[in-house]
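*Asks:* The structure that follows is given in the form of structure tokens.
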Amino acid sequence: MCKRNLELAGRSWIPEGLRHLSNQPVSGEPVSKNIVRAEGHISGADRAENFGHESKTVWFTGLSGSGKSTLAFAVEKALIAKGVAAYVLDGDNVRFGLNSDLGFSPEDRTENIRRIGEVCRLFQDSGMVVLTAFISPYVADRAKVRSLHPEGSFVEVFVDTPLEVCEARDVKGLYKKARAGEIGEFSGISAPYEPPPSPEITVDTSKPLDDCVAEIVAYLMGSSLKSS
């Protein structure tokens, strides 16, 4: 189910807070020109030996209410129990801090994923297993995050829970508000969600949680993520 050579569709964006500064789209190049990357003395192999396992970014994507956060935190717990250094970055939690300046327009959604993708790459480079729970509705944005990572270190998990199940759960009451027109740009209702074409793992959380966790952990432990 792996797909490593996804083509990146270009997507221009300007975060809402910066749109008054420029009429030009923000590029992927740093604004500062007098900078040079610093190289440390510890390799990825060194970090893997230290932690006892290889590092990964495990990217959960799916509709609101699909169970991404519940699943990510459950997988984190299972990995920790196996001696794996794991940490969850949750979409809502990140919007309280790092991405508190972003809304839910298409441009802001792209910037949201760009930022968290860079953070995930840092976590993965540090030797840890980072799990994310973000709707991340656009194929191109997820592909761009994948491209930041070394081959084999990005695992996309499509939480393919049916819309009717997500809407029936509606823990936050968001679907009801979206159907009433009180929330705009709501993925799956008033904004698009683009399913992954070739995720490494597909799970449906209308099935028992333990079964979903077991499937993901088995995949990870079998794909060179082995605790010593």
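*Asks:* Just to check your reading of the model, which residue among A218, A143 is of a type in the set (G, A, S), closer than 30 Å to H41 by Cα and either at pLDDT 95 or above or in a helix (DSSP H, G or I) (or both)?
*Replies:* A143
*Asks:* Of all residues in region 187-215, how many are more than 18 Å from the chain's Cα centre (by Cα) and not in a helix (DSSP H, G or I)?
*Replies:* Initially, region 187-215 is screened for residues more than 18 Å from the chain's Cα centre (by Cα), giving 189-191, 206-211, 214-215.
Subsequent filtering for residues that are not in a helix (DSSP H, G or I) retains 189-191, 206-208.
Matching residues across region 187-215 total 6.
*Asks:* Which of the helices (runs of 4 or more DSSP H) found entirely inside region 42-107 contain at least 2 residues meeting this: touching a residue at least 60 places away in the same chain (Cβ under 8 Å)?
*Replies:* Counting at least 2 such residues, we get 44-51, 68-81.
*Asks:* While we're looking at this one, here's another question. Going through I14, I42 one at a time, which residue ends up being modelled with pLDDT under 50 and over 21 Å from E156 (Cβ atoms)?
*Replies:* When all the criteria are applied, what remains is I14.
*Asks:* Next up: Only one of F51, F60 is in contact with a strand residue (DSSP E or B) (Cβ under 6 Å, 6 or more places away or on another chain), among the aromatic types (F, W, Y) and modelled with pLDDT of 85 or more. Can you tell me which?
*Replies:* F60
*Asks:* Using the structure shown, decide if F186 is at pLDDT below 95 and out of contact with any Cys (no Cβ under 7 Å at 6 or more places or on another chain).
*Replies:* yes
*Asks:* Mind checking which pairs have a first residue in region 126-151 that is on the phi > 0 side of the Ramachandran plot and a second that is among the acidic types (D, E), Cβ under 6 Å, 6 or more apart or different chains?
*Replies:* none
The values are calculated or read from the model by the stated rules, or taken from the named source; none is laboratory data. Here the structure is a predicted model, which means the values were calculated and not measured. Ideal geometry is used to build each Cβ from the backbone, glycine not excepted, and the neighbour counts take in all protein chains shown.
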